[in-house]
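What follows is a single structure, written as structure tokens, with notes after it.
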Amino acid sequence: MVKLSVIVPFFNVQQYVPDALRSLRANARPDFEFVLVDDRSTDQTPRLLEQAVDSLPGARLVRHERNGGLATARNTGIDNARGEYLTFLDGDDWYGPGYLEQLLGAIEGLGTDFVRTDHVQCTGRARNIIRVPHGRRGVALTPREAILPADRSTSVDYPFAWAGIYHRRLVDAGLLHFPDGLRTAEDRPWIWRLHREAESFAVVGLMGVFYRRGVATSLTQIGDVRQLDFIRSFDQVIADITADRDAELFLPKAVRTYCAIIAHHLGNIERFEPAIARKLRAMSAAALKALPQDVLTEALDSMDLERSVKIRRLRWRVPVRTDDLDSRSHPGSAPPAAPAAPGGGAPGGDPDLDDDPDARDNEGSAVA
């Protein structure tokens with residue numbers, strides 16, 4: 001019987017594959033499996049993964065015939081996983097020795113649907129500990145009760161899929177898969193759904209997963225149209241919450257976070273080509289107009305002046321051109337396919353803000 005399945009998507013990360021595989025070897029156990037998903041890489045990544053199948057205990061290689069992005073690659077891994085528990089790693093990150101055994105012990109001891117962990121953020125030689133924004137640790141909790149308050153960072157603002165472990169019953173309940181085809185912010189609808197629909201979770205202070213930031217070829221560094229998928233992602237969050245029994249309670253937080261991330265992108269709009277920048281403004285303006293306007297007004301009134309001014313200008317003064325909206329012409333429709341970023345998609349679970357030096361602080365202050 002497979003106790004734990006580790007799902008690792010890869011896309012064009014040949015320089016980081018050895019580190020990831022080395023860390024998996026340092027965590028191998030006879031009842032662990034490593035589901036390596038090659039998302040149609042075009043560099044030496046496939047060759048390195050083929051070699052790993054022979055040398056890494058428990059490794060299985062699954063190949064995509066076409067590039068699908070991080071969300072799709074993770075879903076492929078979930079569909080091929082056989083473990084009682086599942087966890088994730090991105091292809092350009094790594095684990096500390098013995099981390100997976102500790103992680104498994106934590107969820108077995110607590111008996112919860114899922115467990116969230118802290119992680120180590122790595123930027124060059126610098127190391128920073130990033131903690132789950134939740135105070136109570138080591139005890140079983142109700143996920144819905146960890147969503148609020150709206151004006152502070154909570155567990156739903158820490159969406160990193162690889163910072164945790166998940167019981168198979170979440171797969172059986174349809175809660176662990178990601179919105180297929182999203183190229184960025186794929187973790188946002190996912191973490192909200194977990195907290196709204198799972199029955200139990202816990203937070204523990206393990207720090208054995210190392211997340212690599214500032215990768216030059218990552219999606220957030222490139223700044224292309226795929227980044228605009230954050231709008232589809234948050235539209236999905238809003239739609240899901242609107243149908244929730246506690247929509248009145250949860251919508252202010254979701255709308256506030258959505259506005260904070262739109263403001264973040266507007267503040268960094270120079271990294272986009274002019275045509276994509278126009279598309280960002282147009283799609284963001286349409287997204288704002290589609291939100292509950294009373295909730296939006298309340299969110300803007302509670303935000304800091306700089307960001308609220310950005311959003312207010314977009315809300316009232318920027319005309320929406322239908323020829324700029326493309327995928328928003330039909331809610332939920334996907335944009336044209338494009339290659340994913342290294343690692344199977346934008347690295348990390350918060351790719352719409354990652355690789356900005358103050359990204360997490362920016363978002364945190366916007367919702368705090």
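Across the accessible surface of the stretch 156-214, with the other protein chains kept in place and a 1.4 Å probe, carbon and sulfur atoms take up 48 percent. Among 156, 167, 143, pick out the residue whose Cα is farthest towards the positive end of the charge dipole of the stretch 116-175, where Lys and Arg carry +1 and Asp and Glu carry -1 on C-beta, about the Cα centre. Among 156, 167, 143, the one farthest towards the positive end of the dipole of the stretch 116-175 is 167. For the stretch 163-196, no residue has its backbone nitrogen under 17 Å from a point 7 Å from the Cα of residue 65, taken along Cα to Cβ.
Near the amide H of residue 88, within less than 5 Å, lie the amide hydrogens of 7, 164, all on another chain or at least 5 residues away, with H placed in the peptide plane.
Extension gain, residue 289 to residue 51, is 80.5 nm, computed as 0.36 nm per intervening residue step minus the present C-alpha separation.
Accessible area per residue was computed with a 1.4 Å probe on protein heavy atoms; residue 16 scores about 40 Å². With the whole protein complex present, residue 291 retains an accessible surface near 10 Å², based on a 1.4 Å probe.
Counting only lysines at least 8 places from residue 253 when in the same chain, those with an alpha carbon closer than 26 Å to its own are 279, 289, 310.
Could you please state how large a percent of the accessible area of the stretch 1-143 is carbon and sulfur, counting protein chains only and using a 1.4 Å probe?
Values: 2720 of 5750 Å².
So the carbon and sulfur contribution to the accessible surface is 47 percent.
Stretching residue 298 away from residue 271 to a fully extended chain increases their span by 6.7 nm, per 0.36 nm per residue minus the current alpha-carbon distance.
The values are calculated or read from the model by the stated rules, or taken from the named source; none is laboratory data. Because the structure is predicted, anything quoted here is derived from the model rather than measured. Cβ coordinates were reconstructed from backbone atoms using ideal geometry, including for glycine residues, and neighbour counts include every protein chain displayed. Side chains are part of the model used for accessible areas, which takes the heavy atoms of the whole protein and leaves out ligands, DNA and RNA. Shrake-Rupley method; radii C 1.70, N 1.55, O 1.52, S 1.80 Å.
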